[in-house]
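Colleague: Structure in C-alpha cells, see below.
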Amino acid sequence: MTIASDTPRDVRIAAPAPDLARTGQVRPRRTRLTRNRWGYAYVAPFFLVFGAFSLYPFLYTAWISLHTTSLSDISGGTWVGLENYRNLLQSEFFWNAARNTLTIGILATVPQLCLALGLAHLLNYKLRNRTFFRTVMLMPYATSIAAATLVFGQLFGRDYGLINTVLESVGLGRVDWEGGTWSSQVAIAVIVTWRWTGYNALIYLAAMQSIPGELYEAAEIDGASRWKQFLNVTIPSLRPTILFTVVVSTIGAVQLFGEPLLFAGNGTTSGGASGQYQTLGLLMYQQGWSNFHIGQAATTAWAMFLIILVVVGVNALIGRLRTRADR
C-alpha cells in the first residue's frame, strides 16, 4: 500500500549558501575599506586644521554676535539675542560704510575686469615676448598691499603728489584726494584695480586658450572681423569665467581692508575725517579693536558674510538664467 505525499516531486532542496569568507569573495571589499581608511587618515590633518582655524571661529563668531562683550573679557559677555543686529541696522556708521564699500567695489571691479579682459585678448595673439608680458602683469599682484598703498598714497598727495603735479601742468587745479568723498574712493579703487587687473587677465587668458580654434575659423570664413569674433565667440565662451571673476572680485570688495586702512598713511580705521572712505572691514576692526565691542564687531562680520551670500546667489542665478536662455 502506497501513502501519497503532499510534497511535489519536483521540489528541490535549497543548497546552503557558500561561505563567502572561505571562498575569498569578501577580500576585495575589505581591501577597499582598508584603502578608504588610509585615505581618511591622509585627509584628516586638513579637516582638523579646518575645524580648528575656520569652522570653530566661524561658529564662535556667530555665538559672540549674540552677546554684549568686550575685548578684555570675551567669555564674560551678556546674552542679548538679536539686539546687536538691531543696533547695527539702526547705525548710521554701518550704512555709511556699506555705501562706501558698494561704491568703491563698483569703481574698482568694473574697470578692473574690463581692462583684464582687454589685456587677455591682446596676449592671446602670437606676440613676441608673451611670457615677459604675462610675468609683468602678475607683478602687481605679488606686491604687498602695504607697499602698493603707501606708494599710491604719495602719488595722490595733495601738495607734492605726482598726479596733482600733472593736473596742474595741463591747467587743472589740485585735488584733495584724501579729503573728498568721491576723490578718495576713486584713489582707493585705482590701487585695487592696479593690484588685481593682471591676476584676472591671466585667468581670462587661460580660459581663452581653451576655446576651440574651429570657432574662430568658422567665424573668419563667415567674414567676421576680429572685433566681431571677440563679441560673438570669445565673450560667450568666457561667460562661466567672467561669472567666477565677478564673484571673487565682489567678495574681495566686501572684505576690502588694507587699502583704505593705509591710504592716509597713519593706519586709522575711521576712513577719513568724516568716514568718507570707511569700508565694512574698517568698521568691523574699529568696533572690535578700537572700541573693544567684540559682540558688535562679530555682528558686522556676519553682516558682511550675509551680503556676500546674497551677491553670490544673485550672480549664480543670473548665470543659470543665461545658460537656460542660450539653450
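Colleague: When you go through N200, N164 one by one, which is the residue that is over 32 Å from the mean Cα position of the chain (by Cα) and crowded, with 20+ Cβ neighbours inside 10 Å?
Modeller: On the way: N200 fails: over 32 Å from the mean Cα position of the chain (by Cα).
Result: N164 is the single residue among N200, N164 that is over 32 Å from the mean Cα position of the chain (by Cα) and crowded, with 20+ Cβ neighbours inside 10 Å.
Colleague: Separate question: For G275, only one of the following conditions fails: (1) within 20 Å of the chain's Cα centre (by Cα); (2) under 27 Å from A189 (Cα atoms). What is its number?
Modeller: Answer for G275: the failing condition is (1).
Colleague: So, one more: Under 7 Å by Cβ, and 6 or more places apart or on different chains, what pairs join a residue from segment 65-79 that is over 23 Å from L306 (Cα atoms) with one that is surrounded by 16 or more Cβ atoms within 10 Å (Cβ to Cβ) and among the hydroxyl-bearing types (S, T, Y)?
Modeller: G76/T69; G77/T68; G77/T69; T78/T68
Residue by residue, here is whether (1) surrounded by 10 or more Cβ atoms within 10 Å (Cβ to Cβ); (2) assigned to a loop (DSSP other than H, G, I, E, B); (3) small (G, A, S); (4) at pLDDT 95 or above holds:
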site: I3; (1), (2), (3), (4): no, yes, no, no
site: T7; (1), (2), (3), (4): no, yes, no, no
site: P16; (1), (2), (3), (4): no, yes, no, no
site: T34; (1), (2), (3), (4): yes, no, no, no
site: Y42; (1), (2), (3), (4): no, no, no, no
site: F47; (1), (2), (3), (4): yes, no, no, no
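Colleague: Still on this model: Do you know which residues across segment 84-133 are over 22 Å from S270 (Cβ atoms) and among the hydroxyl-bearing types (S, T, Y)?
Modeller: Residues satisfying the conditions are Y85, T109, Y125, T131.
Colleague: While we're looking at this one, here's another question. Say we look at segment 85-98 and pick out the residues that are under 15 Å from Q278 (Cβ atoms) and of a type in the set (A, V, I, L, M); which of these is surrounded by the fewest Cβ atoms within 10 Å (Cβ to Cβ)?
Modeller: Only one residue tops the list, namely A98.
Colleague: Are any residues in segment 125-150 surrounded by 13 or more Cβ atoms within 10 Å (Cβ to Cβ), more than 25 Å from the chain's Cα centre (by Cα) and either over 14 Å from L202 (Cβ atoms) or of a type in the set (F, W, Y) (or both), and if so, which ones?
Modeller: F133 - this is the single residue of segment 125-150 that is surrounded by 13 or more Cβ atoms within 10 Å (Cβ to Cβ), more than 25 Å from the chain's Cα centre (by Cα) and either over 14 Å from L202 (Cβ atoms) or of a type in the set (F, W, Y) (or both).
Colleague: Run down I251, I318 and say which single residue is at pLDDT 90 or above and part of a helix (DSSP H, G or I). Step through it out loud before you land on a result.
Modeller: Values: I318 fails: at pLDDT 90 or above.
Only one candidate qualifies: I251.
Colleague: Output the number of residues of segment 99-124 satisfying the condition of being within 19 Å of P260 (Cα to Cα), of a type outside the set (V, I, T) and crowded, with 20+ Cβ neighbours inside 10 Å. Step through it out loud before you land on a result.
Modeller: Kept after step one, since they are within 19 Å of P260 (Cα to Cα), are these residues of segment 99-124: 99-112.
Checking the rest, the ones that are also of a type outside the set (V, I, T) come to 99-100, 102, 105, 107-108, 111-112.
Subsequent filtering for residues that are crowded, with 20+ Cβ neighbours inside 10 Å retains 100, 105, 107-108, 112.
Of the residues in segment 99-124, 5 are within 19 Å of P260 (Cα to Cα), of a type outside the set (V, I, T) and crowded, with 20+ Cβ neighbours inside 10 Å.
The values are calculated or read from the model by the stated rules, or taken from the named source; none is laboratory data. Small disclaimer: the values here were computed from a predicted structure and weren't measured. As a convention, Cβ positions derive from the backbone with ideal geometry for all residues, glycine included, and neighbour counts pool all protein chains shown.
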